[in-house]
Amino acid sequence: MKRCFIVMLGALFGATFFAAAAHAHGVIGKRFIPSTLTLEDPFPSDEMDLLSFQRSSKNEQGRETSVGFEFSKRLTPDFALGVGWEYLFVEPREADARRTSGAANPEFSAKYALFRSVEHEGIFSLGLGVEAGSVGSKRVAERVTTISPAFFFGKGLGDLPDSLDFLKPFSITGSFAVNNPANRFTGSGDEKERNTTTLSYGAALIYSIPYLQSAIKDVGLSAPFDRMFPVVEFNFESPISGPEKRHTSAFANPGVIWAGKYVQLGLEAQVPINNFSGKNVGVTGLIHVFIDDIWPNIFTWTPWGVIGPTSK
């Protein structure tokens, strides 16, 4: 596992040598909002998580490490479909228990941008996610299909009065999803298991150094710092049925994102903020690729014609 983590870090920082210093995704008005690592962003887009990595904090069940990818494709400028997959490494809490690994269930998604405001740097989107149960490895994958309607938002603070210039580089994104199991129970007899409906929600506070230097004041930062976005994400999951109804897990995820023309890189710590979440710090990393800027005529093709790269 240490070797896997070292490879991930090497890929994250090595990719900076191949990335240019401009971007087109997540743009609303003068604002670029990068894709966050923990929460889903509100922008339908043509892009791919080439490599995602997460080593979670250790909780009552043990510790889990995941390596995966996700692909998203627009069919219209405001509507995109996506698919994602992870490979899981599970370490039980008991020291003498056997570690296991295997493929997780695939996840399918749809996202539609319902409202955009260039003037107020805002966007509101609706989404639907489906985890196909029993498709992945029986050792690690859930046996029940989960359907998750969701909404997402993003808001830049560039429309604040000039007296609050120091706040204008900030933006806020957030999401809220209801995770509904298709079957209330799976298995039978002694192996019968109750499947719980949960709420997943959170918000991210992002500071844009590019926005600071281009729209507020050029403070003289040069590459690679002029393309950085310090960020902290807060994510929560609350069961709304079953014996763990009030056991909400909660994490703060401070980190930094670097965005270029073709590649976005991110690294965050995962810090538990209550007793249900674990006792030590995890880590999350991401290599995110803007595929419509790499080969626009291929990756932005639709049955209705080529829609081109994400508009600036």
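The values are calculated or read from the model by the stated rules, or taken from the named source; none is laboratory data. These numbers come from a predicted model, not from an experiment. Here the Cβ is made from the backbone with ideal geometry for all residues, glycine too, and neighbour counts use every protein chain on show.
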Matching residues, segment 177-200, being surrounded by fewer than 17 Cβ atoms within 10 Å (Cβ to Cβ), of a type outside the set (A, V, I, L, M) and touching a Phe, Trp or Tyr at 6+ places or on another chain (Cβ under 8 Å): LYS192, GLU193, ARG194
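Residues to consider are GLU237, GLU233, GLU268; find the one that is under 25 Å from ALA150 (Cα atoms), in contact (Cβ under 8 Å) with a residue 12 or more places away in the chain, surrounded by 14 or more Cβ atoms within 10 Å (Cβ to Cβ) and touching a Gly at 6+ places or on another chain (Cβ under 6 Å). Steps first, answer last, please.
Details: GLU237 fails: touching a Gly at 6+ places or on another chain (Cβ under 6 Å); GLU233 fails: touching a Gly at 6+ places or on another chain (Cβ under 6 Å).
Among GLU237, GLU233, GLU268, only GLU268 is under 25 Å from ALA150 (Cα atoms), in contact (Cβ under 8 Å) with a residue 12 or more places away in the chain, surrounded by 14 or more Cβ atoms within 10 Å (Cβ to Cβ) and touching a Gly at 6+ places or on another chain (Cβ under 6 Å).
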Residue count, segment 86-128 (criterion: free of Cβ contacts under 8 Å to residues at least 40 places away in the same chain, charged (D, E, K, R) and surrounded by fewer than 16 Cβ atoms within 10 Å (Cβ to Cβ)): 5
Residue check for PHE43: outside any loop (DSSP other than H, G, I, E, B) and either under 15 Å from the mean Cα position of the chain (by Cα) or among the aromatic types (Phe, Trp, Tyr) (or both): no
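Residues are listed down the side, and each one gets a yes or a no for (1) of a type in the set (S, T, N, Q); (2) outside any loop (DSSP other than H, G, I, E, B); (3) without any contact (Cβ under 8 Å) to a residue 24 or more places away in the chain:
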residue: LEU164; (1), (2), (3): no, yes, yes
residue: THR173; (1), (2), (3): yes, yes, no
residue: THR196; (1), (2), (3): yes, no, no
residue: ASN253; (1), (2), (3): yes, yes, no
residue: ASN275; (1), (2), (3): yes, no, yes
Residue that is farthest from ILE273 (Cα to Cα) [pool: residues in segment 46-67 that are over 12 Å from the mean Cα position of the chain (by Cα), part of a strand (DSSP E or B) and not hydrophobic (A, V, I, L, M, F, W, C)]: GLU47
Subset of segment 52-81 (residues that are within 30 Å of ARG116 (Cβ to Cβ) and not charged (D, E, K, R)): SER52, GLY68, PHE69, PHE71, SER72, LEU75, THR76, PRO77, PHE79, ALA80, LEU81
Selected residue (criterion: farthest from GLU244 (Cα to Cα)) from residues of segment 274-292 that are at pLDDT 95 or above and of a type in the set (Gly, Ala, Ser): GLY285
Residue tally, condition at pLDDT 85 or above, of a type outside the set (Gly, Ala, Ser) and within 29 Å of ARG143 (Cα to Cα), over segment 172-191: 6
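In this structure, is ALA250 over 15 Å from the mean Cα position of the chain (by Cα) and closer than 20 Å to PRO169 by Cβ?
Details: over 15 Å from the mean Cα position of the chain (by Cα): yes; closer than 20 Å to PRO169 by Cβ: no.
Taking the combined requirement at face value, the residue does not satisfy it.
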Failed item, numbered, when PRO169 is tested on (1) surrounded by 17 or more Cβ atoms within 10 Å (Cβ to Cβ); (2) of a type outside the set (Ser, Thr, Tyr); (3) under 28 Å from PHE79 (Cβ atoms); (4) modelled with pLDDT of 95 or more: (3)
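Residue by residue, here is whether (1) under 18 Å from the mean Cα position of the chain (by Cα); (2) outside any loop (DSSP other than H, G, I, E, B); (3) at pLDDT 95 or above holds:
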position: TYR112; (1), (2), (3): yes, yes, yes
position: PHE115; (1), (2), (3): no, yes, yes
position: ILE123; (1), (2), (3): yes, yes, yes
position: LEU128; (1), (2), (3): yes, yes, yes
position: SER134; (1), (2), (3): no, no, no
position: LYS138; (1), (2), (3): no, no, no
position: GLU142; (1), (2), (3): no, no, no
position: SER148; (1), (2), (3): yes, yes, yes
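Which count do you get for residues in segment 210-230 that are in a loop (DSSP other than H, G, I, E, B) and either hydroxyl-bearing (Ser, Thr, Tyr) or exposed (fewer than 13 other Cβ atoms within 10 Å of the Cβ) (or both)?
Taking segment 210-230 first, the residues in a loop (DSSP other than H, G, I, E, B) are 217-224.
Checking which are either hydroxyl-bearing (Ser, Thr, Tyr) or exposed (fewer than 13 other Cβ atoms within 10 Å of the Cβ) (or both) leaves us with 217-220, 222-223.
Count: 6.
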